[in-house]
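Step one of this worksheet: look at the structure below.
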Amino acid sequence: MSDVTLSVRGLRKVIGRRVIIKDLSFELTRGEVFGFLGPNGAGKTTTIRMLVGLIKPTAGTIRICGLDIARQFTKAMSRMGCIVENPELYPFLSGMDNLRHFAVMLRGITRERIDEVVRLVGLEERIGDKVGTYSLGMRQRLGIAQALLGKPDVLILDEPTNGLDPSGIREMRAFIRSLAEKEGLTVLVSSHLLHEIQLMCDRVAIMAKGEIIRVDTVQELLASEERMVWRLRPLPLGRLILSDLTEVLSADEVTVTTVYSERHAGEWSRRLIEAGVSVMEMNRKLPALEDLFLELTGGESID
Amino acid sequence: MINLVHNEMMKLLGKRRFLIIGIIIVVLLALFAYAQARQSEAVKERLGEVDWRTELQQQIVDWQNRLSSAGQWREQLEIQIDQYQYYLDHDVNPSEPGAPSFMRGFTENSAELFLPLLVMIVAVDLVSSERSMGTIKLLLTRPVSRSAVLLSKYIALVLSVSIVIFLFALLSYLISALMFGNKGWTAPVLTGFEVRGGELDASGVRLVSQWQYLLQQFGLAWFISLVVGTLSFMLSILMRSSAAGMGTMLACLISGAILSNMVSSWDSAKYLFMVNLGLMDYMSGSPPPIEGMTLGFSLTVLAVWMAAALAASFAVFTRKDIY
């Protein structure tokens, strides 16, 4: 079997006359964390809902481990776990009853497996309590436990860090990385935060208006869009020197912004100092999602 | 499939639905039983010291005298004489209710509105609550087909209807036996009236024991509740909110009660399900809302509505996009 666990071809959704999703195609492989990045309304959630079988695509095929979800729905679904938007579970049942409820819908889930996933997400102490009393973070973890019950090959998480506190976000990121690296899962996460995706994913697809406008590794994507902000004294001289060396993208009264280059940054600062310019600050700046979009869509705004 | 149904029942229990239904039944029963007890006391006071046995005896003699001149009513008179004779023989005071006759009256009055209402509590949000909670997204992304998920829910509904009817029967027995005593199970009841050509046809009238009559009543009540439950189930799929579904279903039930009194000249109204819910009337011999309606006809109409609702439910549920 090939390493491709999730393959999407020509995926399209039309509602009425509006084309919501325009011919998406991508492939994910084993052990990869893939990010879906886009502003709200870009079509991330619609795409994810099509991947998990909640929405029927107008055209195109989705295969999970080679199984077409339109033709072999139950077989394909047994290879996949997911959380779509919030991890909504039954608040009037205990965490354990919730897991049992979903375990019944899979085949051959033993008691030991349930205990195992509970341990994996660290919910041993509260698993007997009603889910209604859980914090959002705990619910998120229970949701993950539920998604992992059937030992899926593909895990699909929609905005997995939404509503978590900073330590919860860090934990979640580490957990997702370890699932991919140690267990060889393919994880697809969506987010509207570039920062989030950057720290978690190997590859990322950028979506806007129902289209994937770029798929690339995180390094590549960021490298081409990263900026360097210089605070120099005297500024005019510094700016002159920099513009000789590289392209100055913008400048104001306090700073000069150039492209970032891992290879040349040291050289540029040496040249500045040699010319008698004090380098007060060199700041490598990640592009904001908005900037990235403007860049990629050629000035088209997000909204 | 058994496991899936078990899941659904676990959720219903988790929501304490049956507890709520039980409490509603107990409260209402207690109210009615008390009212009934007060009423029979009042009757006793009004009648004074007259012995009911003497009165029955007199009525029987009266009827026997009329037998020779009764003509076509002869058969019915004989049946009534039999009934009164039974009361005398078994020392049952017909105006003093025992548990079975209280249950009979109570079931007759609750089958059309009260019991379907209780079933609606369960049925109306079987699907829509999963949607409003968002759990439907997990439910439908498991390796189980949508039709299997829906079938498990429907089986759970059929079970719930049975549980509700059973709870109702059990609780009404317990309370009425406690208040009125546990006698009269084999007392005869008149049934088998038919309305033909606008006239009451008593030729099919016969006596059945009260327990048989009750059993039939519960059977019909079960069927009515199942029909209403199935229709609510469909609304629960078609409508996003449980409240909207409940409101629509209530409007149907109430309009049925009103229409039944108005539609005697609107012939095609007899194909509306809500006009056909008065199955109890066929047993007690009240005339049907529209001429020509019979028990068999009403059962068929209701069954067709139920089948259509189920077909619509499955067709919509298996195709619908979930946003």
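In the structure shown, the pairs A:LYS44/A:LYS151; A:LYS13/B:LYS137; A:LYS22/A:LYS285; B:LYS137/B:LYS270; A:LYS151/B:LYS137 are assessed against 30 Å; a Cα-Cα span above that value is assigned to A:LYS22/A:LYS285; B:LYS137/B:LYS270. Do you know the relative contact order of region A:151-208, to the nearest whole percent, from alpha carbon pairs under 8 angstrom that are 6+ apart? Normalised by residue count, the contact order of region A:151-208 is 43 percent.
Under conditions of 25 °C and 0.890 mPa s, chain B yields 111 µm² s⁻¹ as its translational diffusion coefficient, taking Rh as the Kirkwood radius over Cα pairs in the Stokes-Einstein equation.
Ignoring lysines fewer than eight residues from B:LYS44 along the same chain, the ones with Cα atoms less than 29 angstrom from its Cα are B:LYS183. Equivalent-ellipsoid semi-axes for chain A (Cα gyration tensor, √(5λ), whole Å, largest first): 43, 23, 16. Sorted fewest first by neighbouring Cβ atoms within 10 angstrom, B:LEU170, B:LEU302, B:LEU28 come out as B:LEU170, B:LEU28, B:LEU302. Counted by neighbouring Cβ atoms within 10 Å, the residues B:THR186, A:THR110 run from fewest to most as A:THR110, B:THR186.
Per-residue Karplus couplings for region A:202-212, computed as 6.51 cos²θ - 1.76 cosθ + 1.60 with θ equal to phi - 60°, are listed in order as 8, 10, 9, 10, 9, 10, 8, 6, x, 10, 8 Hz, Gly and Pro entered as x.
Mean per-residue shielding of peptide A:101-109 is 5, counting Cβ atoms of other chains within 10 Å of each Cβ. As a proxy for reagent exposure, ranking B:VAL304, B:VAL127, B:VAL158 by other Cβ atoms within 10 Å from fewest up yields B:VAL304, B:VAL158, B:VAL127. Karplus-derived 3J(HN,Hα) values for region A:123-135, using 6.51 cos²θ - 1.76 cosθ + 1.60 with θ = phi - 60°, are 10, 3, 6, 9, 5, x, 7, 5, 5, x, 8, 7, 7 Hz; glycine and proline are entered as x. The C-alpha atoms of chain A define a longest principal axis, and helix A:235-245 lies at about 70 degrees to it. The charge dipole of chain B, taken about its Cα centre with unit charges on the Cβ of Lys, Arg, Asp and Glu (plus for the first two, minus for the last two), comes to roughly 1940 debye.
Helices that extend 20 Å or more along their long axis by alpha-carbon positions and average at least 1.0 on the Kyte-Doolittle scale are, among the DSSP H runs of chain B, B:17-47, B:146-180, B:210-238, B:242-260, B:295-319. Per residue, the average separation of C-alpha pairs within less than 8 Å and at least 6 apart gives chain B a relative contact order of 23 percent. What you get for region A:4-222, charging only the Cβ of Lys and Arg (+1) and of Asp and Glu (-1), is a dipole of about 880 debye around the Cα centre. Can you give me the long-range amide H partners of A:MET207? Hydrogens built in the peptide plane at 1.01 Å from N, cutoff under 5 Å, separation of 5 or more residues or another chain. Long-range HN contacts for A:MET207: A:LEU37, A:GLY38, A:ILE213. Listed by chain and number, the aspartates and glutamates whose C-alpha is less than 19 Å from the C-alpha of B:LYS15, apart from same-chain residues fewer than 8 away, are A:GLU88, A:ASP97, A:ASP129, B:ASP125, B:GLU130. Between the amide H of A:THR29 and those of A:THR5, distances stay under 5 Å, these residues lying 5 or more places away or on another chain, with hydrogens modeled in the peptide plane.
Each stretch of four or more DSSP H residues adds -39500 (n - 2.57); spread over every residue of the protein assembly as shown, this sum gives -17000 deg cm²/dmol at 222 nm. Its relative contact order, with pairs defined as Cα atoms under 8 Å and 6+ residues apart, puts region A:227-285 at 52 percent. For A:GLU253, what is the net charge nearby, where nearby means another residue's Cβ is under 15 Å from its Cβ and Lys, Arg count +1, Asp, Glu -1? Neighbourhood net charge equals +1.
Measuring from centroid to centroid over Cα atoms, what is the spacing of region A:225-293 and region A:93-114 in Å? For region A:225-293 versus region A:93-114, the Cα centre distance is 56 Å. Net charge in the neighbourhood of A:ASP23 (other residues with Cβ under 14 Å of its Cβ; Lys, Arg +1, Asp, Glu -1) is +4. Distance from the C-alpha centroid of region B:247-306 to that of region A:134-192: 55 Å, rounded to the whole angstrom.
Since every read-out is calculated from the coordinates, none of them should be taken as a lab result. The structure displayed is predicted, hence computed values, not measured ones. Here the Cβ is made from the backbone with ideal geometry for all residues, glycine too, and neighbour counts use every protein chain on show.
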